[in-house]
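Notes to accompany the following structure.
Computed from the coordinates by the stated procedures, all read-outs in this text should not be read as laboratory data. Note that the structure is predicted; figures quoted are calculated from it, not measured. FYI the Cβ positions are ideal-geometry reconstructions off the backbone, even for glycines, and counts take in every protein chain you see.
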Amino acid sequence: MWQFFHKLGSPKWFFGIANRFMPWLLAGGLILLVAGLVWGLAFAPKDYLQGNSYRIIFIHVPSAFLAQSIYIMMASAAVVTLVWRMKLADVFVKSVAPVGLLFTFLALFTGAVWGKPTWGTWWVWDARLTSMLILLFLYGGVIALDRSINDEKSAARAVAVLVLVGVVNIPIIKYSVNWWNTLHQPATFKLTEKPAMAMEMWVPLLLSVLGLYLLFGWLACLRMKTEILVRERRTRWVKELVLAGRK
Amino acid sequence: MAFESFSAFLAMEGHGPYVWTCYAVFVILVAGTVFWSAKRHQATYHMCKRGYEQENPKGQNVPKAAATFTRVEISQD
């Protein structure tokens, strides 16, 4: 167990594993995502209340899911950075923060465009929307803090602390629709319960969520590999790897 | 198909502009991030490679000086 844990922290081991999994992640992610989106756009039935504008759900929900999941993953990695000083955990936080920022922006943007025909407004300062906006600022803060500190180890510790402080926002986002009266509809997607929506809508949504998760896995591996190349370029194994022509 | 014609699919009963704007922004930003991350990885890889090759260039690639101040090399053929 501990040996596995230490291996997991080794950038060299990660590089090998990532190279093995990346083609599968990319292919699986693209197939599922395209299938889910095409199904959702053209074949899923119209919503009786919202009409066709509800089709935005097939990108809005996966983006919002990832925006929050990435933050939770970053917080777990931040604990590992602070407690075990594992290099790879910090590489992960640094590599995926911009991806988290992207998905938070996409969730907010698609939500705003969906809100216009559904609620009659682009934006309201209600609990769900405001806590998502705070998540966007948290991602921005993490990226800015990391870039403003030159020393790698100090940056890693400062970023880990900021990520952990910000994690308080995640339950607020999740339960905001239950705690407060908001315009936002309650959760559409629960793994533990039977879905409230029709199967013809739920299955394409599940496909696009899974597809985007796999695509994120691929993107995270790629960006982590880039970061490892930069940080470990003085080591012998990276030199051998690069000179052998393995990317 | 949930629509009767392609134009109905594009119009989405008046919701077309909202739906297609969202999908366009989503595809452009996600594809852009994928492309940019892949490009940055390539650039980093080549930067490392150039660095290593400058550190210890392969012997045959270094042009040998034909003459120095101490010794002149003349072919014996």
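Things worth noting here:
- Debye, to nearest 20: dipole size of region A:203-246, +1 on Lys, Arg Cβ, -1 on Asp, Glu Cβ: 300
- Both numbers refer to the Cα atoms of chain A; Rg and Dmax are 19.9, 62 Å.
- Between 0 and 90°, nearest 10: helix A:11-38 axis offset from chain A longest Cα axis: 20
- Highest GNM mean-square fluctuation among A:L49, A:L222, A:L32, for chain A modelled with Cα contacts below 10 Å: A:L49.
- Here the relative contact order of chain A, from alpha carbon pairs under 8 Å that lie six or more residues apart, stands at 33 percent.
- ³J(HN,Hα), Karplus 6.51/-1.76/1.60, whole Hz, each residue of region A:44-60, x for Gly, Pro: 5, x, 6, 6, 5, 9, 9, x, 7, 5, 5, 4, 5, 4, 5, 10, 5
- For region B:6-55: Kirkwood Rh in Å [reciprocal of mean 1/r, alpha carbons]: 13.9
- Estimated [θ] at 222 nm from DSSP helical runs (n ≥ 4, -39500 (n - 2.57)) normalised by residues in the protein assembly as shown, nearest 500: -24500 deg cm²/dmol
- Contact order, relative form, for region A:43-146: 30 percent (alpha carbon pairs under 8 Å, 6 or more residues apart, mean separation divided by residue count).
- Counting lysine pairs in chain A that sit 8 or more residues apart in sequence, or on different chains, and whose Cα atoms lie under 21 Å apart gives 27.
- Degrees separating the helix A:87-119 axis from the principal Cα axis of chain A, which is the longest one: 10
- Inter-part distance where region A:130-169 and region A:24-46 are each reduced to a Cα centre, Å: 33
- Rounded to the nearest 20, the Cβ-based charge dipole of chain A about its Cα centre (Lys and Arg +1, Asp and Glu -1) stands at 940 debye.
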